[in-house]
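A short worksheet on the structure shown next.
We did not get these values from a lab; they are worked out from the coordinates using the rules stated. No experiment lies behind these values; they were computed from the predicted model shown. Here Cβ is always computed from backbone atoms with ideal geometry, including for glycine, and neighbour counts include all displayed protein chains.
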Amino acid sequence: MPYKKPVIKKVYYRIGEVAALFDVNISLIRFWEKEFDIIKPFRNKKGNRFFTQADVDNFHIIYHLVKERGYTLQGAREKLKGNFAEVVDNHQVVKTLQDIKAFLLELKEEL
């Protein structure tokens, strides 16, 4: 049986790590932080941002709306204010389907 590297969950992510997760510039992460109220990073005395897993999940939702679905920032903001639970549920469905697709493609490669 092949070795699978365990997934390590971090408590806090630095801004560079979050930017690397989404393959975007750090400035875009800062911009989205200012534009969307659902992202509230912890800041230390030096002013460095530390994002929790909830913040990263919210970035996933914003990234999905803006980059993948093509919403404008204003449209994404209104969508999140209007029915946040529905947006989260839809994002979870899309993420689950993408995971299933990746699993099936991996299974196809093994056959």
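Hey, what do the phi angles of the stretch 32-37 turn into as Karplus ³J(HN,Hα) couplings, whole Hz, using 6.51/-1.76/1.60 and θ = phi - 60°, x for Gly and Pro?
So the J values, rounded to whole Hz, are 5, 4, 6, 7, 10, 6.
Looking at (1) -0.85, -1.08, -1.41; (2) -0.79, -1.10, -1.56; (3) -0.76, -0.94, -1.40, which value of log10 I(q)/I(0) by the Debye sum over Cα atoms at q = 0.16, 0.19, 0.24 Å⁻¹ comes from a calculation on the structure shown?
Label (1) holds the value from this structure.
If I model a spin label at residue 100 and residue 25 as a point 7 Å from the Cα along the Cα→Cβ vector, what separation in nanometres do I get?
Placing both labels 7 Å along Cα→Cβ, they lie 3.8 nm apart.
Quick one: grab the alpha carbon gyration tensor of the stretch 5-69, order the square roots of its eigenvalues as a ≥ b ≥ c, and give me rounded if a/c is under 1.5, else prolate or oblate depending on whether a/b is larger than b/c.
Judged from the Cα gyration tensor, the stretch 5-69 comes out oblate (a/c at least 1.5, b/c at or above a/b).
Starting at the first residue of the stretch 90-97, write each ³J(HN,Hα) from the Karplus equation 6.51 cos²θ - 1.76 cosθ + 1.60 with θ = phi - 60°, in whole Hz, x for Gly and Pro.
The phi angles translate into 4, 5, 5, 5, 4, 5, 5, 5 Hz.
With just the Cα atoms defining each centre, how far is the stretch 17-77 from the stretch 80-111? Give it in Å.
20
Out of residues 5 or more away from residue 49 or on other chains, whose amide H comes under 5 Å of its own, with H placed 1.01 Å from N in the peptide plane?
Distant-sequence amide H within range of residue 49: 15.
Which value at 222 nm does the chain reach when only helices count, each DSSP H run of 4 or more adding -39,500 (n - 2.57), with the total divided by all residues and rounded to the nearest 500 deg cm²/dmol?
Mean residue ellipticity, 222 nm, calculated: -19000 deg cm²/dmol.
For the stretch 45-59, just list the computed ³J(HN,Hα) in residue order, Karplus coefficients 6.51, -1.76 and 1.60, θ = phi - 60°, integers in Hz, with x standing in for Gly and Pro.
My calculation for the stretch 45-59 gives 5, 7, x, 5, 8, 10, 9, 7, 5, 5, 5, 5, 4, 5, 4 Hz in order.
Compute the longest continuous run of the chain that contains no exposed trypsin sites (Lys or Arg not before Pro); treat a site as exposed when its DSSP state is not H, G, I, E or B and it has at most 11 other Cβ atoms within 10 Å.
With trypsin sites (Lys or Arg not before Pro) excluded where exposed in loops, the chain gives 47-111 as its longest stretch.
Count the lysine pairs in the chain whose Cα atoms sit under 16 Å apart, keeping only pairs 8 or more residues apart in sequence or on different chains.
The number of close lysine pairs in the chain is 4.
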